[in-house]
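The values are calculated or read from the model by the stated rules, or taken from the named source; none is laboratory data. The structure presented is a predicted model; accordingly, all values stated were derived computationally and were not measured. Virtual Cβ from ideal backbone geometry, glycine too; neighbours counted across all protein chains shown.
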Amino acid sequence: MAETGNTMEKIVALAKRRGFIYPGSEIYGGLANTYDYGPVGTELLRNIKNLWWKYFVQKRPDMVGLDGSIISHHKIWEASGHVAGFADAMVDCKVCKARMRGDHLVEDYLEAHADELKDYTDKTKVFEKPLTKEVVDAYLSTGKVEGLSNEHYDAIIKQHTIPCPTCGANPKKDNNWTKVRKFNQLFPVQLGIVEGDEGKGYLRGETAQLIFTNFKNVLSSNRVKLPFGIAQQGKAFRNEITPGNSIFRTIEFDQAEIEYFFDPEETDWEPLYDEWKKRMNDFVTKELGIKEENLRWRLHTDEERSFYSKKTEDLEYNFPFGVKELWGLAYRTNYDLTQHIKYSNKDLSVVDPQTGKKIVPHVIEPAVGVNRLMLMVLCDAYTEEENRTVLKIDPKLAPYKVAVFPLLANKEELVKKAKGLFEDLTNDFMVIFDARGNIGKRYLAQDEIGTPWCVTVDFETLEDEAVTVRDRDTMKQERVKIAELKEYFAKKLVQ
Ligand SMILES: [Zn+2]
């Protein structure tokens, strides 16, 4: 455990040192659960987004894109259920003012009593009312105790004298906890000068709702027919109190969501669902190059799944801080469109031009946070070798494909030649130029940001028009003619 905690700290340190991820608002003391992406992280995030778009939109005849507004009408979120239901159970410590989630407090308590839970019986100390068998069973199968009532959390915290993890205050001795209450995660925004609900909007809590509200627009302005999907990437906002592991859980994040619309009488949902499952898996393993053994699928239990969903699964990844949700796949029936029909009084159904049949299509929804994909890529690629740390990122994803060095920074003819080569390569690839320090140090810096190839211009180059190319993973060097360099890299990038 100490070992894995250490790995995460090292990855976070590298991410900051090399310009992937910075803590948000750092010079003003930081702002919890926010992060900024540095020059190298920006490239990686963009590469993941572009690869996702290419795989799920560009290469498919049955998919179109959308870019909805971040600020949106309050009614969208009333219809979607977010205003009423998108809430966490919060509790405050009156002694140290720490705010935390009631469910997490109970989960941490159960984790600390894992030994007693192994073969628990009615006699086990932790297995007492109000920590009922149902709650313990749900915890053992999902690691979660979500969805209980405020009163139920209050009772568990009191009965089991769960202390404050921040200051150690004890509910029996210090009466430190406030009552558990629901805290809505949507960010309201007040628009213009209009008071009250008329001027009220929300930062979107997910990108998906904009797909539903634009469904009719897309249908009438594009030559699409069922089954087809609408894809969207963009920011979503959730007022999360719980600190995440680096960018795993943040209040502002990049989503990549698809709603795949179909007529359940024409298309069987089960094979369609399995097809999406396979696509998601293939994208992660083949496009992002993630190791298969670090992935697993987990089916949501009946209690966990939304009442309108027929099936929901999470693709999970084995992060250094535990196996966690990466990508959700849900068959949501036609719940969302039906809700928007009800709240907007607009007809959002599809009419078959041949038969005249009118339906409200069902959807299958694959939804992922791109930042979480990025954290997975960093964790999966992080490799410590004897004399170096290397990010073995798939070359397609690498922030820079090539680094160009002049052997010596003080030899004008070498610098000039290397700069010329850099400029030429930038027409085709993301390239970085480095003339600082010695070659060994430059290699180490490029290894830490996952640059697959380093090119050195030396004195021989001036004679033979060839350069030394060094491979990140094998550290082998070979001589390549400058004229053949672009093709050399292009070939390797499609492998
Ligand atoms: Zn406290």
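So here's what we get for this one:
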quantity: Residue match in the stretch 308-330 (condition: in contact (Cβ under 8 Å) with a residue 60 or more places away in the chain, under 30 Å from Lys75 (Cβ atoms) and of a type in the set (Phe, Trp, Tyr)); calculated: no
quantity: Qualifying positions in the stretch 237-290 - touching a Ser or Thr at 6+ places or on another chain (Cβ under 8 Å) and of a type in the set (D, E, K, R); calculated: Glu240, Arg249, Glu252, Glu257
quantity: Flag if Leu131 is in contact (Cβ under 8 Å) with a residue 24 or more places away in the chain, of a type outside the set (D, E, K, R), away from the ligand (no atom under 16 Å from the Cβ) and in contact with a helix residue (DSSP H, G or I) (Cβ under 8 Å, 6 or more places away or on another chain); calculated: yes
quantity: Search result, residues across the stretch 226-271 that are in contact with a Lys or Arg (Cβ under 9 Å, 6 or more places away or on another chain) and part of a loop (DSSP other than H, G, I, E, B); calculated: Arg238, Glu240, Ile241, Thr242, Pro243, Asn245, Arg249, Thr250, Ile251, Asp263, Glu265
quantity: Of residues in the stretch 143-186 being away from the ligand (no atom under 16 Å from the Cβ) and more than 25 Å from Phe237 (Cα to Cα), the one surrounded by the fewest Cβ atoms within 10 Å (Cβ to Cβ); calculated: Glu151
quantity: Close pairs (9 angstrom Cβ cut-off, 6 or more residues apart or separate chains): within 12 Å of Leu485 (Cβ to Cβ) in the stretch 414-436, at pLDDT 95 or above and among the hydroxyl-bearing types (Ser, Thr, Tyr) anywhere; calculated: Leu421/Thr461; Phe429/Tyr400; Val431/Tyr400
quantity: Test: Asp92 is of a type in the set (D, E, K, R), within 16 Å of the ligand (Cβ to nearest atom) and either touching a Ser or Thr at 6+ places or on another chain (Cβ under 9 Å) or assigned to a strand (DSSP E or B) (or both); calculated: yes
quantity: Lone unmet requirement of (1) under 29 Å from Glu325 (Cα atoms); (2) within 16 Å of the ligand (Cβ to nearest atom) for Tyr139; calculated: (2)
quantity: Scope the stretch 131-140; condition surrounded by fewer than 19 Cβ atoms within 10 Å (Cβ to Cβ), closer than 15 Å to Asp302 by Cβ and in contact with an Asp or Glu (Cβ under 9 Å, 6 or more places away or on another chain); matching residues; calculated: Glu134
quantity: Residue within the stretch 465-478 that is of a type in the set (S, T, N, Q), within 22 Å of Lys416 (Cα to Cα) and in a helix (DSSP H, G or I) present; calculated: no
quantity: Residues of the stretch 78-93 that turn out to be surrounded by 14 or more Cβ atoms within 10 Å (Cβ to Cβ) and more than 17 Å from Glu151 (Cβ to Cβ), as a count; calculated: 8
quantity: Whichever residue in the stretch 205-240 is of a type in the set (A, V, I, L, M) and buried (at least 19 other Cβ atoms within 10 Å of the Cβ) and, among such residues, is farthest from Asp67 (Cα to Cα); calculated: Leu219
quantity: Criterion violated by Glu43 - all others in (1) surrounded by 15 or more Cβ atoms within 10 Å (Cβ to Cβ); (2) in the same structural domain as Arg372 (by TED's automatic domain parsing); (3) acidic (Asp, Glu); (4) more than 23 Å from the chain's Cα centre (by Cα) satisfied; calculated: (4)
quantity: Qualifying positions in the stretch 350-370 - under 30 Å from Phe253 (Cα atoms) and assigned to a loop (DSSP other than H, G, I, E, B); calculated: Pro361
